Amino acid sequence: MAGVFIGIPREHEANTYYEAQCRAVRARVRGAKAEFYHWAKVAAEIARIAPRAEMDTDRVIAIVAEEERRSG
């Protein structure tokens, strides 16, 4: 399993964290509480164990702003 994180190629690990964050934000904006908690936990777990998943706070803030803008 070297070089692979939960079935994701190593070169995609960094983006996996942000994808989970996007999904959490989308769920939050829609008011889907259980789905939000699920994706927030997924993002936290990825950040905890994936060596290439670095959290850029500015990027997370931009994700939230974009999703809120889309939802009107």
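Values quoted throughout were computed directly from the atomic coordinates according to the rules given, and no laboratory measurement underlies them. Treat the numbers as computed from the prediction; the structure is a model and nothing was measured. Here the Cβ is made from the backbone with ideal geometry for all residues, glycine too, and neighbour counts use every protein chain on show.
Quick grid of which residues meet (1) surrounded by fewer than 16 Cβ atoms within 10 Å (Cβ to Cβ); (2) part of a helix (DSSP H, G or I); (3) under 12 Å from the mean Cα position of the chain (by Cα); (4) touching a residue at least 12 places away in the same chain (Cβ under 8 Å):
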| position | (1), (2), (3), (4) |
| --- | --- |
| 43 | no, yes, yes, yes |
| 55 | yes, no, yes, yes |
| 60 | no, yes, yes, yes |
| 67 | no, yes, no, yes |
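When residue 51 is evaluated against the numbered criteria (1) surrounded by 12 or more Cβ atoms within 10 Å (Cβ to Cβ); (2) outside any helix (DSSP H, G or I), which criterion, by number, is the only one it fails? All conditions pass for residue 51, except number (1).
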